[in-house]
1. Scan the range 27-73 residue by residue and report those that are closer than 21 Å to residue 86 by Cβ and under 21 Å from the mean Cα position of the chain (by Cα).
2. Is it true that some residue in the range 35-48 is of a type in the set (Lys, Arg) and either surrounded by 10 or more Cβ atoms within 10 Å (Cβ to Cβ) or at pLDDT below 80 (or both)?
3. Return yes when residue 29 is modelled with pLDDT under 90 and either touching a Gly at 6+ places or on another chain (Cβ under 7 Å) or in a loop (DSSP other than H, G, I, E, B) (or both) and no when it is not.
4. Within the range 75-87, is even one residue surrounded by 10 or more Cβ atoms within 10 Å (Cβ to Cβ) and at pLDDT below 85?
5. For the range 33-60, which positions are hydroxyl-bearing (Ser, Thr, Tyr) and either over 28 Å from residue 72 (Cβ atoms) or part of a loop (DSSP other than H, G, I, E, B) (or both)?
6. What pairs come out if I take residues in the range 64-84 that are in contact (Cβ under 8 Å) with a residue 60 or more places away in the chain and pair them with residues that are outside any loop (DSSP other than H, G, I, E, B) and surrounded by 10 or more Cβ atoms within 10 Å (Cβ to Cβ) whose C-beta lies under 7 Å away, six or more apart or interchain?
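The values are calculated or read from the model by the stated rules, or taken from the named source; none is laboratory data. Being a predicted model, the structure only gives us computed values, none of them experimental. Counting neighbours? That spans all protein chains shown, and the Cβs are built from the backbone with ideal geometry, glycine included.
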Amino acid sequence: MKIAARQILILFLLLSIGSVISAQSSYGDYPITPVSFSQVKISDGFWSPKIKTNHEVTIPIAYQKSLESGRIDNFLIAGGSKAGNFCSI
């Protein structure tokens, strides 16, 4: 039983090393070049409206509710930027 477990472990290690070597060698041949997120422009008919709604409605409401509930103050208190005690909802 110990020999079978040892053989399985060796096989697993060899496959792992082989996949790492394979991934590293094919990385140079990858046809897509990474870009900074600030260079990405989304202009399709599916994601653009959703992103616009998040930008104009969802995020401002979430931020306003965080201000009203004291969540933002909790971050300031925890970071030492504001004096006070932790508050909860």
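1. Correct list: 62, 63.
2. We begin by selecting, within the range 35-48, every residue of a type in the set (Lys, Arg); these are 41.
Next, only the ones that are either surrounded by 10 or more Cβ atoms within 10 Å (Cβ to Cβ) or at pLDDT below 80 (or both) stay: none.
No.
3. On the way: modelled with pLDDT under 90: yes; either touching a Gly at 6+ places or on another chain (Cβ under 7 Å) or in a loop (DSSP other than H, G, I, E, B) (or both): yes.
Yes.
4. So in the range 75-87, the residues surrounded by 10 or more Cβ atoms within 10 Å (Cβ to Cβ) come out as 75-78, 82, 84, 87.
Narrowing the set further to residues that are at pLDDT below 85 leaves 87.
Looking through the range 75-87, at least one residue is surrounded by 10 or more Cβ atoms within 10 Å (Cβ to Cβ) and at pLDDT below 85.
5. 33, 36, 43, 48
6. Taking only residues 6 or more apart or on different chains, not a single pair turns up.
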